[in-house]
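The values are calculated or read from the model by the stated rules, or taken from the named source; none is laboratory data. Computed from a predicted structure; not experimentally measured. FYI the Cβ positions are ideal-geometry reconstructions off the backbone, even for glycines, and counts take in every protein chain you see. What goes into the accessible areas is simple: the full protein's heavy atoms, side chains included, and nothing from ligands, DNA or RNA. Shrake-Rupley method; radii C 1.70, N 1.55, O 1.52, S 1.80 Å.
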Amino acid sequence: MTRKIVANYFVSLDGVVESPDKWHFPYFDDQMGAAVGAGFERSDALLMGGTLYREWAAYWPAHNDDDFGPVMNGMTKYVVSRTLDSADWQNTTLIKDDPAARIRELKAGDGKDIAMSGSATLARWLLAEGLLDELNLLVHPLVVGTGARLFPDGTPTQPLQLAESTAFGSGVLHLVYRPAPAA
């Protein structure tokens, strides 16, 4: 069985994924917690880009006594980056050379799914390379107005198909997309 790469995002109605810590918490409820938790239960590894790695590697090791810290620190992590020289956060492997081939190897290996959260540039690249298997969006009923978007202007057309949808009581929509089959 092939492992899947599953990207997970908190996103506003206007497509913003940047700094969800500043706008998404009023919508976080038990339904969203269950959806987020289910994603982690299906995964045994994280895939991220260099920018997210720098942020999380600076934060999570110092928060190992939080509820979520041991999960983040203990999970296997893969970092795709051309700019990092090393990745010292525990259980982390740096992928610098031929990332498409290395990610195909990871997908063909044993284990659960490989999760992503953040690293929108990497997610767009994976989608374009045919390596992203699923896109989970928690669409918030909110226009943020400014910030990085998951798919900014100039992103090439990429057909997707809706696999699942759930409306939460908070007004958040949980949408699961997969790449559309070739026509």
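Figure legend. Inter-residue proximity from the range 97-125: first residues in contact (Cβ under 8 Å) with a residue 12 or more places away in the chain, second residues among the aromatic types (Phe, Trp, Tyr) and open to solvent by less than 20 Å² (accessible area, probe 1.4 Å), beta-carbon distance below 9 Å, spacing 6+ or different chains. Indicated pairs: Met116/Tyr9; Ser117/Tyr9; Gly118/Tyr9; Ser119/Tyr53; Ala120/Tyr9; Ala123/Tyr9. Scan the range 46-70 for residues that are under 26 Å from Val172 (Cα atoms) and either in contact with a strand residue (DSSP E or B) (Cβ under 6 Å, 6 or more places away or on another chain) or open to solvent by 80 Å² or more (accessible area, probe 1.4 Å) (or both) and the total you get is 4. Looking at Gly171, is it on the phi > 0 side of the Ramachandran plot, outside any helix (DSSP H, G or I) and touching a helix residue (DSSP H, G or I) at 6+ places or on another chain (Cβ under 8 Å)? Judged against the criteria, Gly171 is a match.
Taking the condition open to solvent by 30 Å² or more (accessible area, probe 1.4 Å), of a type in the set (Phe, Trp, Tyr), touching a Leu at 6+ places or on another chain (Cβ under 8 Å) and over 23 Å from Lys4 (Cβ atoms), does Tyr27 pass? The answer is yes for Tyr27. Which of the residues that make up the range 53-91 are under 15 Å from the mean Cα position of the chain (by Cα) and of a type in the set (D, E, K, R)? Selection gives Glu55, Lys77. Only one entry in Thr146, Thr157, Thr121 is over 18 Å from Trp23 (Cα atoms), of a type in the set (Ser, Thr, Tyr) and assigned to a loop (DSSP other than H, G, I, E, B), namely Thr157. The number of residues in the range 1-56 that are of a type outside the set (Ser, Thr, Tyr) and part of a strand (DSSP E or B) comes to 13. Remark: pairs (first residue in the range 139-165, without any contact (Cβ under 8 Å) to a residue 40 or more places away in the chain and closer than 28 Å to Phe28 by Cβ; second residue β-branched (Val, Ile, Thr) and outside any loop (DSSP other than H, G, I, E, B); Cβ separation under 6 Å; 6+ apart in sequence or on different chains) = Ala163/Val176; Glu164/Val176. Residue count for the range 121-143 under the criterion of being open to solvent by 20 Å² or more (accessible area, probe 1.4 Å), more than 12 Å from Lys4 (Cα to Cα) and under 12 Å from the mean Cα position of the chain (by Cα): the result is 3.
Within the range 95-110, if we keep just the residues that are open to solvent by 50 Å² or more (accessible area, probe 1.4 Å) and not in a helix (DSSP H, G or I), the residue that is nearest to Tyr78 (Cα to Cα) turns out to be Lys96. Can you pull out the residues in the range 159-177 that are open to solvent by less than 70 Å² (accessible area, probe 1.4 Å) and more than 22 Å from Gly33 (Cβ to Cβ)? Across the range 159-177, the qualifying residue is only Leu160.
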